[in-house]
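Student: The structure follows.
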């Protein structure tokens, strides 16, 4: 009964309360707690729907090589406008 009362709360040291509440955790796979994914839901999840322009790669036309950009080539304002 005690375990059932603390499930999904901050006191639950096994299950991630943040993931339980909103379905996402800022720690992702590095989180030390369990992320219980539901087998079915009324919510549709579209992973990677938004592609941040600061995390993209391009193909250079002259060489055909893929070039990765891992910096802030766009300002925060430009990224917000793009979003």
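Every number in this text was worked out from the coordinates using simple rules, so none of it is lab data. Everything numeric here is computed off the predicted structure, so don't read it as measured data.
Student: Expected output is a single nm value to one decimal: the length gained when fully extending between residue 43 and residue 63, i.e. 0.36 nm times separation in residues minus the C-alpha distance. What is it?
Tutor: Gain in length upon complete extension: 2.9 nm.
Student: Report the Cα centroid-to-centroid distance between region 29-44 and region 1-24 in angstrom, as an integer.
Tutor: 12
Student: On full extension of the chain, what length is gained from residue 81 through residue 13, given 0.36 nm per residue of separation minus the C-alpha to C-alpha distance?
Tutor: 20.6 nm
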